[in-house]
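Contents: one structure, followed by commentary.
Every number here is computed from the coordinates shown, using simple stated rules; none is lab data. This structure is a prediction, so every number in the text was calculated from the model and none was measured. Neighbour counts run over all protein chains shown; Cβ positions are idealised from the backbone, glycine included.
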């Protein structure tokens, strides 16, 4: 029976004592990133389109927060604004209590595409941001090698992106984003282009990196299981316009592993996310069924 239909699952809001204590301590940490009544509108031929409206969010030090929502809810717009690649129409962002805008080293970004320079080696790709920030070459090389070792690619330091697998390229992208020691690492569906097996490996790699690096992570995904596996809290957006629908404190204990995907806490959270993102149609607003044109002979059935 699916999580959405199982009546015996616990309430996703109920936390075990150890989980509740962890959230209590987490909320006592300083707020690193604050999104304060953020909104974004775009002009169109039919008038103004509101992509995001009144987004409020506080993320604490060393927290890992995932943002999910239906297609068109503004997830990527939100993270681009936070990264400084777009500007909000209303509201503001604060890092460590200071209002900020535009790109800056305190916010690192990992995109879904690998965005590596194909003419540079792994080492030179990771060094690039350090040298652009004014670090001399010998120091940049030492720093870059540490990050390359952290993501497990030390023996590939002299390889070019074309010689790497998709997962390895994304590990280089993560190392490059972390090398300037950002306060916040922003990740826009970074594993979306990977196959299922590589994606699972990258999720485990990310959790290992997060445990060992002083960084706060905001992670955009459309995969509900990925959000539950990774996040302390999940921000659920609704579409048209993009607004915060609910913020869920994930009740699954840490450390996390794929073995927990069948646990009652995991399934209960999965059920709630399904309810929020894939609501059942109502009589007042039924889901439109697409017409199907038959292109086979009568009697040539597959069922």
- Query: Rounded to the nearest 500, what is the chain's calculated 222 nm mean residue ellipticity when only DSSP H runs of at least 4 contribute -39500 (n - 2.57) each, over all residues?
  - Reply: -10000 deg cm²/dmol
- Fluctuation leader among 250, 126, 261 - the chain, Gaussian network, Cα springs under 10 angstrom: 261
- Dividing the mean separation of Cα pairs under 8 Å (6+ apart) by the residue count of the chain yields a relative contact order in percent of 25 percent
- Please label the shape of segment 164-303 as rounded, prolate or oblate, based on the square roots a ≥ b ≥ c of the eigenvalues of the alpha-carbon gyration tensor (a/c under 1.5 means rounded; beyond that, a/b larger than b/c means prolate, else oblate). prolate
- Expressed to one decimal in nm², the mean projection of the alpha carbon convex hull of segment 114-181 is 3.9 nm²
- Task: Distance from a point 7 Å along Cα→Cβ of residue 104 to each backbone N in segment 144-186: keep the residues under 12 Å and list them by number.
- Result: 183-184
- Task: Extending each Cα 7 Å along its Cβ direction at residue 160 and residue 201, get the distance between those two points in nm, one decimal.
- Result: 2.3 nm
- Item | Computed FRET value (nearest 0.05) for residue 223 with residue 136, which takes r as the C-beta separation and R₀ as 51 Å | 0.80
- Here Rg/Rh (Cα, Kirkwood) for segment 45-92 equals 0.99
- Label model pair residue 240, residue 29: point-to-point distance (7 angstrom along the Cα→beta-carbon line) in nm is 3.7 nm
- Message: Looking at the chain as a GNM with Cα springs under 10 Å, which of 168, 135, 109 has the largest mean-square fluctuation?
- Response: 135
- Query: Taking Rh as the Kirkwood radius, which is the inverse of the mean 1/r over Cα pairs, what is the Rg/Rh value for segment 30-111?
  - Reply: 0.97
- Can you pull the Kirkwood radius for the chain, inverse mean 1/r over Cα pairs, to one decimal in Å? 21.1 Å
- Message: Distance between the C-alpha centers of segment 122-148 and segment 238-276? Whole Å please.
- Response: 38 Å
- Query: GNM on the chain, C-alpha springs below 10 Å: top fluctuator among 136, 232, 188?
  - Reply: 136
- Express as a percent, rounded to the nearest 5, the fraction of DSSP beta bridges in the chain (both residues included) that run antiparallel. 55 percent
- Once the Cβ-Cβ distance between residue 92 and residue 117 is put in as r, and R0 is 22 Å, what FRET efficiency do you end up with, to the nearest 0.05? 0.10
- Please check which bits of segment 80-103 a label hung off residue 37 would reach, taking the label as a point 7 Å along Cα-to-C-beta and the cut-off as backbone N under 13 Å. 90-93
- Relative to the longest principal axis of the chain, what angle (0 to 90°, nearest 10) does the C-alpha long axis of helix 137-150 take? 40 degrees
